[in-house]
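Visitor: I'd like to ask you about the structure that follows.
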Amino acid sequence: MVGKLLTTILVYIDPDPFRKCLVIPPWHRLPSSPPPAETAGLASRPGLRDSPRSREGHACVVSRLGSPKQRFTAVFDTGSGITWVPGADCKSDTCSEHHRFGVDGSKSFQEFAPGARADGTIHYGTGQVEYVDGRDTLTFCDSHSDPGCHGMKAKQLKVESQPFGMSTNQTDYPFRILPFDGILGLAPSASSGSVMHALKKSNALDRNLFGVYLSEDTHRSGSISFGGIENAHIAPKSPLTWHQIQNDQEWTLAMKDILVDGKPLHICDDRPDGVCPAVVDTGSSLITGPSGEVEKLLSKVRLKEDCSNLGKLPNVSLRIADRNGVLTDYPLTPEEYTLKSLDEVPQTGNSEYLKEFPVLGGSGDQVPEVKPRCDPEMGVMDVPGRKWVIGDTFLRRYYSIYDDDRGLVGFAKSIHPDEVRDRSRAVPIWCEAVRWVARPCATVSPISQTPISPIRCGFTGHFGPKKCLRFGRWR
């Protein structure tokens, strides 16, 4: 969400419109593949792994704030430098239906000095949050062996004095219907409120970077790895291209144009130096652009709602300047920039079927008809600075690496399970540390004790200051 871990964590997400988070079973993990040459050093680094979203889902993870620990679910958001959760002073139904942080219930809570407070309002595309700020200990726990976060301290990851906001008011829409509590900001460390800032300041990671894989399947999860990357999610022989960020407080890249079937649209020609600033944002579902520019793209991808012309639509490519100024094109097929769903046809089926507990197969039952529906995962959004937003539409196709030490973002083509032909060649990925399984971000069938295969993070030995931890993610 625009405007707005040290070792390896994995989180899993749900692509339905209500953004639930589910964990991926171990048999859905991808086989290892030869990594691009530039990623070899990254994969051997210790890191925390988390798992983000699949189609239209959010990367939610369970974390704890305060002492004693208070439980929250939050979205990992590279487009935000702010972490916030509902506060106890927020009395609305929207807040009361989520976990709320109580200052009086935490001995480690720290107030800012009156002149240093930064209370305010965050405006999102579809709502806003008013908050007051403070500091407290942010804790991630090994929920495989320590699901209640009451076990060995060596298997807990703590971020001391993490600044965060406690909401005092939230708009009903969309926050009331969303299953997660708040936002965990992962902007670059130059943004003082970002979790990356606290991690870098505490020297928790050998390398201050993280990698993000987003699943394209609603039944499989993605992952975020801190301190290293997951080669298993990168397509064999896929080149890794690095891009310099344009703003040290945002993962903003220099987008030069958008191409449709290889033909440039000259969208950025009228911008300074012919560059459209584009924020890489795991907290946004779509690719969006400002009015006056994105229409050039939308006019070329006129998708019919019934999906009947999906096979005739063009490929769309984002053209981005790399760290040496060389232009790199990242193509997306119509299937990759389209959200497909099924809608129930009105006035079909009967009242018996629509009862809460229908008796299937009864003589009077009639199943409602369903029809396919397609929506483009690109749209108009005007944000300060007339920035484009590179959201999950793009990030499902390309594995992204966020190198905070060098101010770079890297992209390599992702590989998804249905694209792997020889699954028999899968090899286990090992980690000499802790396995994590995150709790669900919504009320779903419990699978919280599902075992997850270990992860390679290049760290062996005892639990020292550099831990290797993993979250399993829920959809």
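Read the figures in this text as sums done on the coordinates, not as results from a lab. Since the structure is predicted, the reported quantities are computational estimates derived from the model, not experimental observations. Every residue, glycine as well, gets a Cβ built from its backbone with ideal geometry; the counts of neighbours run over all protein chains shown.
Visitor: Starting with the highest mean, order 394-401, 235-242 by the number of other Cβ atoms within 10 Å, averaged over the residues of each peptide.
Guide: In decreasing order of mean packing, 394-401, 235-242 become 394-401, 235-242.
Visitor: FRET efficiency for Val103 and Ser192, Cβ-Cβ distance as r, R0 = 25 Å, nearest 0.05?
Guide: FRET efficiency, Val103 to Ser192: 0.75.
Visitor: Stretch Ala88-Glu305 to full length: gain in nm at 0.36 nm per residue minus the Cα-Cα span?
Guide: Result for the pair: 73.8 nm of gain on full extension.
Visitor: Rounded if a/c is under 1.5, else prolate if a/b is larger than b/c, else oblate: which is region 177-247, with a ≥ b ≥ c the root eigenvalues of its Cα gyration tensor?
Guide: Here region 177-247 falls in the oblate category.
Visitor: Could you go through region 77-91 in sequence order and give the Karplus-derived ³J(HN,Hα) for each residue, using 6.51 cos²θ - 1.76 cosθ + 1.60 with θ = phi - 60°, rounded to whole Hz, and x for Gly and Pro?
Guide: Karplus-based 3J(HN,Hα) across region 77-91 equals 10, 6, x, 9, x, 10, 10, 8, 9, x, x, 5, 7, 8, 9 Hz.
Visitor: So if I take the alpha carbon set of region 276-338, get Rg, then get Rh from the Kirkwood formula, what is the Rg over Rh ratio?
Guide: Radius of gyration relative to Kirkwood radius: 0.99.
Visitor: Here's another thing I want to ask about it. Compute the label zone of Ser291 within region 261-277: residues whose backbone N is under 20 Å from the point 7 Å along Cα-to-Cβ.
Guide: 267-268, 270-271, 277
Visitor: Among 73-85, 279-291, how do they line up from the highest to the lowest mean number of other beta-carbon atoms within 10 Å?
Guide: 73-85, 279-291
Visitor: Among the listed pairs Lys69/Lys200; Lys304/Lys340; Lys200/Lys387; Lys296/Lys387, which are separated by more than 20 Å between their Cα atoms?
Guide: Lys69/Lys200; Lys200/Lys387
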